[in-house]
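The values are calculated or read from the model by the stated rules, or taken from the named source; none is laboratory data. Remember, predicted model here, so these are calculated numbers, not experimental data. Here Cβ is always computed from backbone atoms with ideal geometry, including for glycine, and neighbour counts include all displayed protein chains. Quick note on the areas: whole protein, heavy atoms, side chains included, nothing else; ligands and nucleic acids left out. Shrake-Rupley method; radii C 1.70, N 1.55, O 1.52, S 1.80 Å.
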Amino acid sequence: MTDEQGQQQPQTANFISETLPAGQNGMEKSQRGTVLVEGMGYAVGLIWQPLQNPDDPIPEVRETMESDEELDLYCLRFSSAPQYGLGKKAMGHKEGEPSLAAAVAGALSDQSSVCAVFRVKEGWWFVVIRNDLILSEEDVLFETEEEAQKAFFSMMAVPDWDKKIAPPEWGVEGSEPGNLPDLVKGIRKVRLVEMSAAKRTQILLLLAIAILGLISGVIYLVISLWDTVFTPPKVATIQAPEVVKPVEPVPEQAKPWEKVVDIDSFVGRCWNYAYQLNVMTIPGWKLDTITCTPTGIETGWKPSWQSGSRLTYLKTALNEYKISKVDINLDAEGKSATGRITWNDLPVMASVPNMESAQLKHDLNDIIQATNLPLSISEENILVPPNNADGTVPPNQQNYRAFKFSVASSYTPWEWREFFNKFSGLEMIKINYNPDVDSLQNKWTYEGRIYAK
C-alpha cells in the first residue's frame, strides 16, 4: 500500500486478514508441528503475537498461554518488532526445539516483508513475514501442494513484497526458489521453552518458603517461652561509678547489606541484554558465556570460521541491533574478542537480614530437600573493611556471617526472581548464561549470598 507521495505504508496483520479471499482463514491445515531440516527438528505452526513489553515478557506470555490450556511452550523473538511464539505439545512441539519461522526471519532480516513456500519432507511449509512480524495464521505446514499454492496466491493479493519464494514451476513473477537448509544454516536458534515447569517450580519455592516461615515462627515462640519460664531473674548489682576518659569515636563502617543492588532492576537489565546478545547473528563469530554483575555485563566471541572473523563484523552487528556503549577488544592473534557494557545506574537499597545463622542454614537445606533443586550453599565470613594488603587488621573491623549459594537451572532470571525476593539480606553476585551448554538444565547459573542476622 502506498500514500499519495508513493511511499510505502506499513501493513498490519489485521489488514492482511481483511484482504484475504473468503475461505482462506478457514482453510484446513495440518496439525503436524515439526519438520526436519537436514536431520534437525524445527517447530512450525506456532501462534505468533507481538510483544508489548520486551523488558518484562514473562507476565504477558503467561497471560496469553492461560487463555488456552493446550498452550504449554513459548519462545521469544527480539527484532525491530519483538514477538513471542506459542506452541503445543499436542501438535508435536518439544521443549528446546527451534522455531523454523524465527530462523527464516533471522536469515532474511534485511527483508521487511516476505511470502514463502518451501517443499519439505513432511509436506509444504508456508510462512509470511510482514513488516518484520511473523503472521500468526501464516506459519503453516500443509499436506498438499494444492493447499500451499492456494494460500500463497491468496497472499499475493497484498502488495509490496520485498521477497517472494516459491517453486519455479509455479511461475510466480518476481519469485525465486528457496533452499531451506542453506537459508537457516548458521542462524541462531530461537527455541521453545516450557512455561508450566517454571510455574510448578515457582509454586514449590513459594510453598516451601511459606512452610519454613511458619516453622521458624513456631521455633521462635517456643524458645521465647522457654527463656521466660526457666531463666532465673537477674539480680542487679550496684557498682561504684567509674571515671571514663572520653574516646575518639571511630567512624562506623557501612554494613554490607545496607547498599545492595535492587534485585528486580538487576534481573531485568541482565535478561534484556543477555537475550539481545544471544539472538545476534555475527558472521564469523560465535557467542561465548555471558556474565552479569551489579556493575555491568561481560561476554566474548570465538571465531566460527577458520579465517575472516573480523572485528568490523562485531561492531556492525552491535550497531544494527542498537546495543550501545560496548567496549570491544580483539586479542593480538584475532582468536577471540571480549565485550563489556558498564552500568552504574542500578538502584541500591537496604535489605536487613532477619534470620540467625543457624535458622538460615536450616531453611536453605529444607528448601533443597523440598524442591530437589541443585542448590549448593557454603558458609563464609565477610570482613568489613577487609584486611590490609600486609595482612594486618584495620581498626573497627566487623565480621559478618553469610551463606553463599549457587544453582544451575534452565529457568530465566525472571522466573527465579520470586526466590530471590523472599530472603531479606540477599545480595546478587553474578548471573551466567552459557549458550554452548547442550543441556537446557544448565544454561543459567545464579550466584549470591544471604547475610545472617
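Does residue 173 meet the test of being of a type in the set (D, E, K, R), in a loop (DSSP other than H, G, I, E, B) and open to solvent by 70 Å² or more (accessible area, probe 1.4 Å)? Yes; evaluated as a whole, the condition is true for this residue. Just wondering, is there one or more residues in the range 144-160 that are over 28 Å from the mean Cα position of the chain (by Cα), in contact (Cβ under 8 Å) with a residue 24 or more places away in the chain and closer than 30 Å to residue 278 by Cα? No, there is no match, as no residue in the range 144-160 is over 28 Å from the mean Cα position of the chain (by Cα), in contact (Cβ under 8 Å) with a residue 24 or more places away in the chain and closer than 30 Å to residue 278 by Cα.
Quick check on residue 330: is it closer than 30 Å to residue 255 by Cβ and either open to solvent by 90 Å² or more (accessible area, probe 1.4 Å) or touching a strand residue (DSSP E or B) at 6+ places or on another chain (Cβ under 8 Å) (or both)?
Judged against the criteria, residue 330 is not a match.
Of the residues making up the range 425-453, not one is at pLDDT below 90, more than 16 Å from the chain's Cα centre (by Cα) and surrounded by 15 or more Cβ atoms within 10 Å (Cβ to Cβ).
Any chance you could count how many residues in the range 171-187 are among the β-branched types (Val, Ile, Thr) and at pLDDT 90 or above? Going through the range 171-187 one residue at a time, the tally reaches 2. Scanning the range 338-355 for residues that are of a type outside the set (A, V, I, L, M) and open to solvent by 40 Å² or more (accessible area, probe 1.4 Å) returns 338, 340, 342, 344, 345, 347, 354. Residues that are open to solvent by 50 Å² or more (accessible area, probe 1.4 Å), touching a residue at least 24 places away in the same chain (Cβ under 8 Å) and farther than 20 Å from residue 427 by Cα within the range 356-396 comprise 370, 395, 396, listed in sequence order. Residues in the range 36-56 that are within 15 Å of residue 275 (Cβ to Cβ) and either without any contact (Cβ under 8 Å) to a residue 60 or more places away in the chain or open to solvent by 60 Å² or more (accessible area, probe 1.4 Å) (or both): 51, 53, 55. The residue of the range 397-418 that is most open to solvent (accessible area, probe 1.4 Å), among those that are aromatic (Phe, Trp, Tyr) and within 20 Å of residue 363 (Cα to Cα), is 400. Within the range 66-85, being closer than 25 Å to residue 442 by Cβ and either without any contact (Cβ under 8 Å) to a residue 60 or more places away in the chain or of a type outside the set (Asp, Glu) (or both) holds for 73, 74, 75, 76, 77, 78, 84, 85.
A residue that is open to solvent by less than 10 Å² (accessible area, probe 1.4 Å), farther than 28 Å from residue 265 by Cα, of a type outside the set (Phe, Trp, Tyr) and not in a strand (DSSP E or B) occurs nowhere in the range 76-91.
Just checking, does the range 442-452 include any residue being among the hydrophobic types (A, V, I, L, M, F, W, C) and under 22 Å from residue 351 (Cβ atoms)? Full working, then the answer.
The initial filter retains those residues of the range 442-452 that are among the hydrophobic types (A, V, I, L, M, F, W, C), namely 444, 450, 452.
If we keep only those that are under 22 Å from residue 351 (Cβ atoms) too, we end up with 450, 452.
The answer is yes; a qualifying residue exists.
What are the residues in the range 150-170 that are in contact with an Asp or Glu (Cβ under 7 Å, 6 or more places away or on another chain) and either open to solvent by 60 Å² or more (accessible area, probe 1.4 Å) or at pLDDT below 90 (or both), if any? Those that are in contact with an Asp or Glu (Cβ under 7 Å, 6 or more places away or on another chain) and either open to solvent by 60 Å² or more (accessible area, probe 1.4 Å) or at pLDDT below 90 (or both): none in the range 150-170.
Could you pull out the residue among 128, 61 that is open to solvent by less than 10 Å² (accessible area, probe 1.4 Å) and more than 21 Å from residue 150 (Cβ to Cβ)?
Within the list 128, 61, the selection yields 61.
Given the condition over 22 Å from residue 442 (Cα atoms) and of a type in the set (S, T, N, Q), answer yes or no: does some residue in the range 359-377 qualify? Yes, some residue in the range 359-377 is over 22 Å from residue 442 (Cα atoms) and of a type in the set (S, T, N, Q).
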